Structures are given as C-alpha cells and as structure tokens.
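J.: Pasting a structure here, questions to come.
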Amino acid sequence: MTFNDLLQKFIRDELSGDELEVFLQLVRDPANGILLDAAVREQLEAPVFTDLTAGLDIEEQFRAVLKKANADNAADFIDPAEIKRTGFLYRWIAAAAVLLVLAGAATWWWQTGPQQQTAAVTPSDITPGTSGAILTLADGTKLVLDSLGNGLVATQSGTRVELVDGRLSYLATAADDGAPAYNTMSTPKGRQFQLKLPDGTAVWLNAASSIQFPIAFTGDERRVIVTGEAYFEVAQNAKKPFIVELNNIEEVQVLGTSFNINGYMDEGLAITTLLQGAVKVTPMGIAAALSEEKRQGQVLKPGQQGLVKSSVYDRGQLLVQDADIDKVMAWKNGIFNFEGASLRQVMKQLERWYDISVVYENGVTDVSFIGEMSRNVNLGELIQALQAMKLGVNLRLENGRKLIISP
C-alpha cells in the first residue's frame, strides 16, 4: 500500500492499528511533505473550515480545529491512537492531526514544554509562486511535477502522459474500450501549471486549484471538474460538447471557445468570463432545481461574465454582467490587477500566490486598491508598493508567514 493510500485512509478514518503505525513512520519522511501539504489544504479549504481557519498559522489552525471539535484538552499532546478511538467529528481531527505531522514533530509541546526556535523570515525571503503541481493518476499514485524533467511521466490505458517545458500533455496511442479512467491535477498555494487535455484543449490552472478529467474523452461529451480558478482554450468539436463543473455550484457548456472560470470557495461566487465563442452557464445544486428557468441556464456573449452565488441561502442565483477582461486575465498574464479591489480581495490573492496567512487586527476598515503589479516579485517588494499607496492600513510580517493588517 502506497503512502498516498494510507494518507487517504487516515483522512477517512479507515486505518487499522498496524496501518496507523506504518503511516506515522512514513509521515516523518520529508519526501512526503508536499502530499501532506496538499491533503491539509484540501481539508481546511472545505466550506466547513473557511471561516474557522482563515488567516491563522499552522499552530493556530490546529488549535482552532480541535476547539471546533470540542476537544477541551487541546493544549496537551493528543496521541493518534487516542484520536482513532474517539468518534467525534473525525474529519476535523484528521485534518488537525496531519497538521501536527506537518509541524515536524511526533509530539507537540505548546504550553508545557520548550518551543522549537525557527529562523526569522522577512518579506524579502518570501518568493513569488512558480510552476508546479501534483498529478494524481487513475490508480491513486501521486506525482510531484515540480521535481520531474521533460519526458514520459506515465502510460495509462493506451495514453501517454508527457511533460514538456512545464506543460503536461495527454497523447492517445491506442484505443481503450474499458471503463473511463480519471486523473486529477492540483496546484498547492504558490504554484500554477499548464495542461493539454486529451482532446487538445489547453488549460492554465491558477494557484490552490484542481481539475479532474478522463485520460480519454470516449463518450458523447467532454466533462471535467474544476475547483479554484482555470483558463480554458477549448478544442472545437461540435459533436462532443465540452462541459465544466465547478464546485457543484455551476455547469458551463462549451462548443469551442476561450473562457476563464473562478470558483474559490472563500470568495462566495463562481464566475465564468467569456473571451471568445459562446458558453452556457447553468447553476447546479439544490437551489438550481427550484425553477425551470434556472435549469435552462443562460448563454454568455464575448465580454460577459456569469456570476453564481455559492452560499447556502442564495445558491443558484445567476447574474450576467459585462466583464473587465484585463482584470480577469491578469493572473494568467503574470500580473496582479488591484483596480477597484477590496482589501480582503487583494489579501486572498496574496495568500494563494505567496502561501501566507493574513490576520486582520481590530479596527481595520475596508479600502479600495488601484493599479497593477507583476506577480513575479518577492513579497517584500509588493508590500512596499502597497504601503506607498497610503490607503490607511499597515502591513507587517510576523511568525514566519503571517501577514498582519493593522489600522
């Protein structure tokens, strides 16, 4: 059984006693760090955690998760075996336990023991995001694409997966009549990546995002599932429509076009922006089923965007408006476009690109930003530029990667 198999069973609370012992040995291997990091972020970016852990560092996230699970002894070390025996809210505890491992210790001394000293991190030390992703194959194998060179990555059911100059491509070499096999590409915070799907569709995946897709489009449609943000240039095939599902919030149907889709769960909106061609945006989920009109969706014209709210109370509401294409596409073009953005909108972009957490002190008022800046700068340079705007807020870095916003 691979490390990833054990990790997924751990999160689902399915490990036997022997498997748990093996898992706890493997998590100490630094080579497994990026897989652990991806699993933690997937857990903590679920809707139940969005408000709970936003802006907290690793230790504070662990405390918050335990508190949410009513663990009154959060200040003491919690033995993983004890976690296994307790039945309460395991999903939260699993995420917290993985965080404990990420902290780099078999036991964690908080209030009763010595604290490990770490080197001070300055804003100039925090570099911008770069190209990188994790590819999960159909058999569950996870490949860290950052560490691979050009060449063959895998062969699956007659399809070659190749990496060339930072872009992953799928090339069918033989027909496969078996059951559909799916791959998933995910980008952690601080990473983005390019992908060419089996039909020739080009995809750019932003930070903290994912796309699930079949290794061959064999049916009467081409369907993929996206979280976060991605830009598509869809290969034309009128007989086989291209369909994107976003967080079970909306569905976008395409014939051949270029569009951007943004559905970060902490943003509260799923936004589809059309550059060329035509797409039909249809809300999904419970609210979308309330009326025939919502089930039909709405066709966008180039330059328009469709916004679907993702909150429980008003999910399914679709608004169509004109789009600022330059602003929408800034991330793909290597630019931060802050024009008219609120403080929290700007900080969410920085959290994803620089892999930091943002904390707001009491009394911080919302402000609007202006201007553009390259995404290829260190955090220190960007903070200096934001401070120069004199918007009435101060920014300082504390405890490694925590950015404090104060009045």
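Bear in mind these aren't lab numbers, they're just calculated from the coordinates by the rules spelled out. What you see is a predicted model; the values in this text were computed from it and never measured. Neighbour counts are summed over all protein chains in view; Cβ atoms, including those assigned to glycine, are modelled from backbone coordinates with ideal geometry.
J.: For LEU148 and ALA202, what is the calculated FRET efficiency with R₀ set at 25 Å and r taken between the beta-carbons, to the nearest 0.05?
T.: Working: r = 20 Å, r/R0 = 0.79.
So, using R0 = 25 Å, E works out to roughly 0.80.
J.: Using only Cα atoms, what is the ratio of the radius of gyration of the stretch 127-218 to 2.2 N^0.38 Å?
T.: The stretch 127-218 yields a ratio of 1.03.
J.: Moving on. If I stretch the segment between ASN362 and LYS301 completely, what's the gain in nm (0.36 nm per residue apart, minus their alpha carbon distance), one decimal? Walk me through the numbers on the way to the answer.
T.: Values: separation 61, 0.36 × 61 = 21.96 nm, distance 4.31 nm.
Going from the current span to full extension adds 17.6 nm.
J.: Sticking with this one: For labels at LYS239 and ASP220 in the simple 7 Å Cα→Cβ model, what's the distance in nm?
T.: 1.3
J.: Still on this structure, I have one more. If R0 is 45 Å, what FRET efficiency do you get for GLN8 and LYS332 from their C-beta distance, rounded to 0.05? Mind showing how you got there, number by number?
T.: On the way: r = 31 Å, r/R0 = 0.70.
Computed FRET efficiency for GLN8 and LYS332: 0.90.
J.: A follow-up question, please. Work out, step by step, the length gained on full extension between THR173 and ASN378: first 0.36 nm times the residue separation, then minus their alpha carbon distance; give nm to one decimal. Display every interim value, and only then the final one.
T.: On the way: separation 205, 0.36 × 205 = 73.80 nm, distance 4.28 nm.
Working it through step by step, the gained length comes to 69.5 nm.
J.: Please compute the net charge surrounding VAL279, taking Lys and Arg as +1 and Asp and Glu as -1 over other residues with Cβ under 11 Å from its Cβ.
T.: Working: positive: LYS280, LYS301; negative: GLU250, GLU251.
Value of the local net charge: 0.
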